Amino acid sequence: MTPWRPLPGEQSLSPRTYAVADTLGAVRPAAQWVDAEVADANLSADLVSDLHVCLEEALANLIMHGRARGEAKNISIEVRTAPSEAVVIVRDQCAPFDVTDTVVTNADNQTQARVGGQGVRLLRAFATALAYRSEPAFNELRMTFRSGAVTAGAALGDLIRGVPAFSGLS
């Protein structure tokens, strides 16, 4: 698991938070909100595309598969930026699911795998760093996107983009 670290100057930034309704129709507006929030971070178009893939996948998984711990999932997004870097934190009140510890299917089988069910692989391939924590009251998935940084799954990202169904990604 990637350790938590503050961004340079992060203490002076006020977090920007957006509540996400528990419906797939809420994913696009959430992504549009994130676009506006990261506009001043000077991210490349490819990195913004990678951020979108990860955000949409994380939200869709929570909406479709997450089980609320209580009455509601209470999904929210927080965005923090620094020059050439964005951190998107997805917070929820669902049963914990740590994407940083989940075993991923062997990459050699990627082209033979079905199109669905590849969300964890996408997150690992496109985010610069992933960190997850679960507390009694909430879970947080922290996805970092940094210009010029090599992702942990860079080779996997190239492989995924080579699959015809994913060829349009960044």
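Against the criterion of being more than 26 Å from Trp33 (Cα to Cα), among the small types (Gly, Ala, Ser), surrounded by fewer than 19 Cβ atoms within 10 Å (Cβ to Cβ) and modelled with pLDDT under 90, Ala82 does not qualify.
Step by step: first the residues of the stretch 58-78, then only those that are open to solvent by less than 40 Å² (accessible area, probe 1.4 Å) and closer than 21 Å to Phe145 by Cα, then the one that is nearest to the chain's Cα centre (by Cα). Which residue is that? The extreme case among them is Ala58.
Residues in the stretch 91-103: is at least one modelled with pLDDT under 95, of a type outside the set (Phe, Trp, Tyr) and more than 26 Å from Asp22 (Cβ to Cβ)? Within the stretch 91-103, one or more residues are modelled with pLDDT under 95, of a type outside the set (Phe, Trp, Tyr) and more than 26 Å from Asp22 (Cβ to Cβ).
The values are calculated or read from the model by the stated rules, or taken from the named source; none is laboratory data. Keep in mind the model is a prediction, meaning the values are calculated, not measured. All Cβ positions, glycine included, derive from the backbone under ideal geometry; neighbour counts span all protein chains shown. All accessible areas refer to the heavy atoms of the entire protein, side chains included, with ligands and DNA or RNA removed. Shrake-Rupley method; radii C 1.70, N 1.55, O 1.52, S 1.80 Å.
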